[in-house]
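Step one of this worksheet: look at the structure below.
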Amino acid sequence: MPIIKLEHLRKVYGDVVAVDDVSFEVEAGEIFGMVGPNGAGKTTTIECIEGLRRPDGGSIHVLGLNPKTDGYALRERIGMQLQESELPDRIKVWEALDLYASFYQRSVDWHSLMEQLGLADKSNAHFAKLSGGLKQRLFIVLALLNDPELVFFDELTTGLDPQARRTMWDLVRNVRDRGKTVFLTTHYMEEAEWLCDRVAIIDRGRIIALDTPENLIRSLDVDSRVVFSVDGTFEMEPLRTLRGVGRIEQSGERVTVYGQGQTLVGDVVNVLTTSGVRFRDLRTEQPTLDDVFLTLTGQEMRD
Amino acid sequence: MRGLRKLMLVELKLFLREPETFFFTLIFPMVMLFVFGSIYGNKPVEIFGGRGTVDISVPAYMGLIIAVTGLMSIPISTATDREKGVLRRLRATPVRLQTILIARIMMYFVMTLVGALLLVAAGKIVYGLRFDGNALYVFLAFIISALSFFALGFVIASLAPTGRTANIVGMALFFPMIFFSGATIPWNVLPDGVQMVGRALPLTYVVKLLQGLWFAEPWNEHLLKVAVLAGMLIVGVVVSAKIFRWE
């Protein structure tokens, strides 16, 4: 049985259709990601699943429960990190953990969670004094207090610096390795690609693609790129005739060759060398989910 | 009611860590008592019906503390918690809304009561405060007064979109009420015009009820005041239950 089963979810705010006919299933033990630009409907969807918002249409089943009617029972069994939520400024870390643990029928030892997430030496710090990364760690601990079967992370890494973001990724994987199912949203394609077993790409309230990151990239025949700089004049013709090469762009001394196939880089380098072109700073760029999004929607991710 | 005890304890700690609420609830009324006590003493005077300044001020300042909690502490902290997402975070757990509200109301009541008891102790020790009434009756009047103002506070908190707005609305109600109700300046020295305004303010009924019972006047002279406050309590609870928002 799927952990989450969503059928034809619809949510409308006034005249705006925030979520339009969204259906998918999340399986036990996977990290499932919803990715898309801001305002695409990610948070609305996740909050309908969590039971914090009431959908206008469709059906939702989470752990076999209906979030609309079984909200309290559901919240005993899931954990959430929310976007735009805070704790009181002057609450201490240990007080928050002790308090939130008392809300559940069953809760794990928060001391060891605090230890594991590197918050032990902040035990007596006031919430307002914590850095953004530490606040998010605290919210992860809050989401794990009841030993939930399913954990939600809504834009967990937004506003964090790159290093803190990487740490968060490790923590999320760690949560999954404890046998929990993870549902997350992000507007960083890179994050979804790195972290998720399966990704649903959402744009303007609709799911436009859903698969593993690898399949999404492969299925769409998205080009890889070979990028290099040249000194002096440069003839494109020899490259054009190569198998697998698509477009070639030149801007100043920078050249980008778009193409596919395992041998692309080798072939390009070969041609350049034999035709005596002096090139430097050559690198390849593999297609990413960003390219998938671009291919599917015809636009860059709007940030 | 899972979590009620811990929630109350944490709310109490947070209240005591907030310098503004701590000062206005527990310190400020005592400062007032010492300032006016040192100017006028507590000798019986005619204008107060044979009572001293401190005698009439202690029950009046109880009204002041109730107004601080109901019109400032509750609206500002509740609206701020909603604005910042503190309530949202609570709602992501199985804790019930009524548990949160009961914990907060009990905490506010305890702190308001502590403020009142500090006043009584200071008045008694320093100025030989006189008390003719029945302590249980005064306590009952204190309960209904406090709860009716708390209910008003939650209505303001429900209506105000942000902590700032709640602050402004609370202040706009607080200052006229404490000056025109007898809570700070004794009712008998207020000019007629101000008394006219004062009769429209609920805090006036709190002050008169507490002072009346303090000096052993019978309940049946104060039924209208009790009715006004009970009405405010009922309307406040019904309205805020209808319009309260988590976010």
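Since every read-out is calculated from the coordinates, none of them should be taken as a lab result. Remember, it's a predicted structure, so these values are computed and weren't measured experimentally. Virtual Cβ from ideal backbone geometry, glycine too; neighbours counted across all protein chains shown.
Among B:174-186, B:51-63, sorting by the average number of other beta carbon atoms lying within 10 angstrom of each residue, highest first, gives B:51-63, B:174-186. Per-residue Cβ neighbour counts within 10 Å put B:201, A:82 in the sequence B:201, A:82, beginning with the fewest.
In degrees, nearest 10, range 0 to 90: what is the angle between the Cα axis of helix B:223-243 and the longest Cα principal axis of chain B? Roughly 10 degrees between the two axes.
For residue B:121 and residue A:38, the FRET efficiency from 1/(1 + (r/R0)^6), where r spans their Cβ atoms and R0 equals 56 Å, is about 0.45. Distance between the modelled labels on residue A:166 and residue A:131, one decimal in nanometres: 1.4 nm (7 Å Cα→Cβ projection). The trypsin sites (Lys or Arg not before Pro) found in the range A:54-104 that occupy coil by DSSP, while having at most 14 further C-beta atoms within 10 Å, are A:68. Extension gain, residue B:172 to residue B:227: 0.36 nm times the residue separation minus the Cα-Cα distance gives 17.3 nm. Using only the alpha-carbon atoms of the protein assembly as shown as identical scatterers, what base-10 log of I(q)/I(0) does the Debye formula give at q = 0.06, 0.09, 0.10, 0.12 Å⁻¹? Each listed q maps to, in turn, -0.45, -0.79, -0.89, -1.09.
What the Cβ-Cβ distance of residue A:173 and residue A:219 gives, at R0 = 30 Å and to the nearest 0.05, is a FRET efficiency of 0.75.
Taking amide H positions as modeled 1.01 Å from N, with prolines and chain starts lacking one, the residues under 5 Å from residue B:45 and 5 or more places away or on another chain are B:50, B:51, B:52. Computed on the Cα atoms alone, the convex hull of the range A:4-218 gives a volume of 118 cubic angstrom per residue. Here the 3J(HN,Hα) profile of the range A:125-131, calculated from phi with Karplus coefficients 6.51, -1.76 and 1.60 at θ = phi - 60°, is 7, 6, 3, 5, 8, 7, 6 Hz, Gly and Pro shown as x.
The angle between the Cα long axis of helix B:97-127 and the main principal axis of chain B comes to about 20°, on a 0 to 90 degree scale. What you get for the protein assembly as shown, charging only the Cβ of Lys and Arg (+1) and of Asp and Glu (-1), is a dipole of about 2060 debye around the Cα centre. Here the spin labels are modelled as points 7 Å beyond Cα on the Cα-Cβ line, and at residue A:250 and residue A:149 they lie 6.2 nm apart. In degrees between 0 and 90, to the nearest 10, how far off the longest principal axis of chain B does helix B:163-180 point, with axes built from Cα atoms? Rounded to the nearest ten degrees, it is 10. From the alpha carbon centroid of the range B:8-50 to that of the range A:131-197 is 49 Å. Summing +1 for each Lys or Arg and -1 for each Asp or Glu among the other residues whose beta-carbon sits under 9 angstrom from that of residue A:293 gives -4. Label separation (residue A:21 vs residue A:106): 4.0 nm, computed from points 7 Å beyond Cα along the C-beta direction.
Rg and Dmax, both from the Cα atoms of chain B and both in Å, are 18.1, 60. At an R0 of 30 angstrom, the distance between the Cβ atoms of residue B:188 and residue B:27 translates into a FRET efficiency of 0.65. Listed by Cβ neighbour count within 10 Å, with the fewest neighbours leading, A:296, A:184 appear as A:296, A:184. Charged neighbours of residue B:85, selected by a Cβ distance under 9 Å, balance to -1 (K, R count +1; D, E count -1).
Helix content alone sets the calculated 222 nm mean residue ellipticity of chain A: runs of n ≥ 4 DSSP H residues at -39500 (n - 2.57) each, divided across all residues, give -9000 deg cm²/dmol. Loop-resident GluC sites (Glu not before Pro) (DSSP state other than H, G, I, E or B) in the range A:58-143 with no more than 15 further Cβ atoms inside 10 Å of their Cβ: A:84. Considering only A:246, B:185, B:67, and ranking their Cα positions along the charge dipole of the protein assembly as shown that arises from unit charges at the beta-carbon of Lys, Arg, Asp and Glu, the one farthest toward the positive end is B:185.
Both numbers refer to the Cα atoms of the range A:223-286; Rg and Dmax are 10.4, 29 Å. Restriction of the trypsin sites (Lys or Arg not before Pro) in the range A:188-281 to DSSP coil positions whose beta-carbon has at most 12 other beta-carbons within 10 angstrom yields A:243, A:278.
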